[in-house]
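Student: This structure is in structure tokens; I'll ask about it shortly.
Read-outs throughout are calculated quantities, based only on the coordinates presented, and are distinct from any laboratory measurement. Small disclaimer: the values here were computed from a predicted structure and weren't measured. Every residue, glycine as well, gets a Cβ built from its backbone with ideal geometry; the counts of neighbours run over all protein chains shown.
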Amino acid sequence: MEMEKRISLELRNKTPAEVAELVVDNCRSSDGEVEGLSDDYKELEFLSMVNVGLTSLAKLPSLPKLLKLEISDNMIVGGLDQLSEKCPNLTYLNLSGNKIKELSTVKPLKNLKNLKSLDLYSCEITTLEDYRESVFELLPQVTFLDGYDHEDNEVPDSEADDDDNEGLDSEADDDDEHTAGPTRDGDDDDEEDEGSEGEEVGLSYLMKDGIQVIIHPTRVQLSVS
């Protein structure tokens, strides 16, 4: 499907100005350029154009609120200076799987002052000696490169952690409910058993141990033989 048609379908009866997120992965750009987007998408915060055949970003419109851009698995070789001009507030950029070979190609990203996370894996640039150190030096504002920081600490996924915690809390609640029910029932059964045993300890038990029971009209007298 052509990119322009795909974007039209993704609008889902909204106007471009109402769209905050747009995913058009695996469609096709007819000439390697961005198609179907315009400056009207002024509220767009997340844009994903993975594997659409892009070779250039020259026709990317001005997207002042764009924070995250996914353009991996394309054929982009340069022209990244377009990003700082048209998407100045980017915090995350995924360029992995493109035709980026030299450090000079990513140098224009220095002008993206808010860029915190950059992905370049599967690009030829990653085979350069001291690749990570060089990129971090070239782009001091970047905290995470290919998912890891300067000290090889992985990007934290706070949303996933929250989901996991919620799941654990839910399981714990279920376990408490399942445990509480049988325990209370067991306590009741124990009390009933104790009561039953108490009722069974009567005259036959006392007489069995040689205890004589003398019953008077007004009292009961026990005599041990």
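Student: Counting Lys and Arg as +1 and Asp and Glu as -1, what is the net charge of the other residues whose Cβ lies under 9 Å from the Cβ of Thr91?
Tutor: Around Thr91, the surrounding residues sum to +2.
Student: Inverting the mean 1/r over all pairs of different Cα atoms, compute the Kirkwood radius of the range 3-57 and quote it in Å.
Tutor: 11.3
Student: Determine how many Å³ per residue the convex hull of the Cα atoms of the range 42-112 encloses.
Tutor: Cα-based convex hull of the range 42-112, divided per residue, equals 72 Å³.
Student: With a cut-off of at most 13 other beta carbons within 10 Å, and DSSP calling the residue loop, which GluC sites (Glu not before Pro) in the range 89-134 qualify? Please list them.
Tutor: Glu102, Glu129
Student: While we're here: For the pairs Lys14/Lys116; Lys14/Lys113; Lys65/Lys116; Lys14/Lys110, note any where the Cα-Cα span goes beyond 23 Å.
Tutor: Result: Lys14/Lys116; Lys14/Lys113; Lys14/Lys110 exceed 23 Å.
Student: Could you tell me the calculated FRET efficiency between Met75 and Glu151, based on Cβ-Cβ distance and R0 = 41 angstrom, to the nearest 0.05?
Tutor: After rounding, the FRET efficiency stands at 0.80.
Student: Give me the Kirkwood hydrodynamic radius of the range 1-128, using the inverse of the mean 1/r over all pairs of distinct Cα atoms, in Å to one decimal.
Tutor: 14.6
Student: What's the extension gain from Glu18 to Glu133 if we count 0.36 nm per residue and subtract their Cα-Cα distance?
Tutor: That works out to 37.3 nm of additional length.
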